[in-house]
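Student: Before I ask anything, here is the structure I am working with.
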Amino acid sequence: MIEFRSVTKQFPDGTVAVKDFSLVIPSRTITVLVGSSGSGKTTILRMINRMVDPTSGSVEIDGEDVMTLKPVPLRRSIGYVMQNSGLLPHRKVVDNIATVPLLRGVKKKDARERALELMDDVGLERSLADKYPSQLSGGQQQRVGVARGLAVDPNILLMDEPFGAVDPIVRDELQNELLRLQRDLDKTVVFVTHDIDEAFRLGEQVVIFRKGGIVAQKGTPSEILANPADDFVASFVGADRGKRALHIEKTPAGDVLVDSEGRPAGVLSGAPAEAKAATVSVVGAPAQGEEAS
Ligand SMILES: Nc1ncnc2c1ncn2[C@@H]1O[C@H](COP(=O)(O)OP(=O)(O)OP(=O)(O)O)[C@@H](O)[C@H]1O
């Protein structure tokens, strides 16, 4: 479990990026931070692995204040997937994925083998292993980014707009992959996006920010949709709701949100991981070669 307790972050130039922020992020769930540009989402994400430290308040992982942990080992134990995949252009795919394990002293042969397994996990052909990032499509690069985040075998995976730079169809595939990975690998995922549609699709818990790092509302997609806290949330959510005509569909695994095209848009209740898995297989078409569960 990750817990933020009354966290404020003021940068040296006086910018208050996050103000009095409290949140519990349960283990093995996907929590999505959503809001417009500059609302403090990345700053919050980076406080989990000490790329940024709070000015006041505390961030705890499993009851331990992160300030008592050394930044470098902490960073190497938490997966971090960046916007635009953050790949090193001069390194081959397999070496990009193996970077942190190698830094941690894993033998080169073992790191390569693990990297190849991770390529399988994220749906990348092994034939791409010795290519350079510039030789891959945007979607493939994002998959390498996810594999790179998973390569440290983390309990926690931080994802900062990881699917922002790809077209809607690939984005959809990547979202499905993430839901499948979350089901199979049981990670605690903290996911940042500015897209409410993506937030409702992926998040068991969704936190909506207004400018100045202030929480406008947090809850499950259904709680937020059923009861927007104020006009800001209503308009933030409303545009999307109108566009996608979200509605509730009953499945054996629980109630799920689907859009007007029958695509999964989030899970309402019940066991989250299982329900999300069911959402993908009940409402969405399974990917080629993937067994419908
Ligand atoms: N190192 C820094 N020094 C000063 N101000 C900063 C620094 N990093 C971020 N900020 C400011 O803090 C605020 C929050 O930034 P942050 O990157 O957390 O927002 P965000 O919601 O992730 O935005 P985006 O969606 O555009 O990535 C912004 O006003 C930003 O300019």
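Student: Got a number for residues in the stretch 31-65 being assigned to a strand (DSSP E or B) and either more than 12 Å from the ligand (Cβ to nearest atom) or open to solvent by 20 Å² or more (accessible area, probe 1.4 Å) (or both)?
Tutor: Counting residues in the stretch 31-65 that are assigned to a strand (DSSP E or B) and either more than 12 Å from the ligand (Cβ to nearest atom) or open to solvent by 20 Å² or more (accessible area, probe 1.4 Å) (or both) gives 10.
Student: Another question, if that's okay. Of the residues Leu128, Leu136, Leu116, which single one is away from the ligand (no atom under 16 Å from the Cβ), under 25 Å from Asp186 (Cβ atoms), open to solvent by 10 Å² or more (accessible area, probe 1.4 Å) and of a type outside the set (Lys, Arg)?
Tutor: Just one listed residue meets the conditions, Leu116.
Student: Is it the case, given these coordinates, that Val24 is assigned by TED's automatic domain parsing to the domain that holds Pro221, assigned to a strand (DSSP E or B), within 17 Å of the chain's Cα centre (by Cα) and without any contact (Cβ under 8 Å) to a residue 24 or more places away in the chain?
Tutor: Yes; evaluated as a whole, the condition is true for this residue.
Student: Pairs needed: first member in the stretch 41-61, closer than 23 Å to Ala216 by Cα; second member anywhere, more than 14 Å from the ligand (Cβ to nearest atom) and polar (S, T, N, Q); C-beta distance under 6 Å; at least 6 residues apart or different chains.
Tutor: Gly57/Ser6
Student: Whether any residue in the stretch 219-231 is surrounded by fewer than 24 Cβ atoms within 10 Å (Cβ to Cβ) and under 16 Å from Ile25 (Cα atoms) is what I want to check.
Tutor: Yes, the stretch 219-231 has at least one match.
Student: Output the residue which, of all residues in the stretch 12-30 that are exposed (fewer than 13 other Cβ atoms within 10 Å of the Cβ) and of a type outside the set (Asp, Glu), is nearest to the ligand (Cβ to nearest atom).
Tutor: Of everything passing the filter in the stretch 12-30, Pro12 is nearest to the ligand (Cβ to nearest atom).
Student: Before we move on, is Val206 buried (at least 24 other Cβ atoms within 10 Å of the Cβ), of a type in the set (Val, Ile, Thr), under 21 Å from Val146 (Cβ atoms) and within 13 Å of the ligand (Cβ to nearest atom)?
Tutor: Against the criterion (buried (at least 24 other Cβ atoms within 10 Å of the Cβ), of a type in the set (Val, Ile, Thr), under 21 Å from Val146 (Cβ atoms) and within 13 Å of the ligand (Cβ to nearest atom)), Val206 does not qualify.
Student: Scan the stretch 66-76 for residues that are open to solvent by 50 Å² or more (accessible area, probe 1.4 Å) and either farther than 24 Å from Glu161 by Cα or not basic (Lys, Arg) (or both) and jot them down.
Tutor: Across the stretch 66-76, the qualifying residues are Met67, Thr68, Lys70, Val72, Pro73.
The values are calculated or read from the model by the stated rules, or taken from the named source; none is laboratory data. Just so it is clear, the model here is predicted, and its values are computed rather than measured. Positions of Cβ are generated from backbone atoms using ideal geometry, with glycine treated the same way; all protein chains shown enter the neighbour counts. For accessibility, only protein heavy atoms count, side chains too; no ligands or nucleic acids. Shrake-Rupley method; radii C 1.70, N 1.55, O 1.52, S 1.80 Å.
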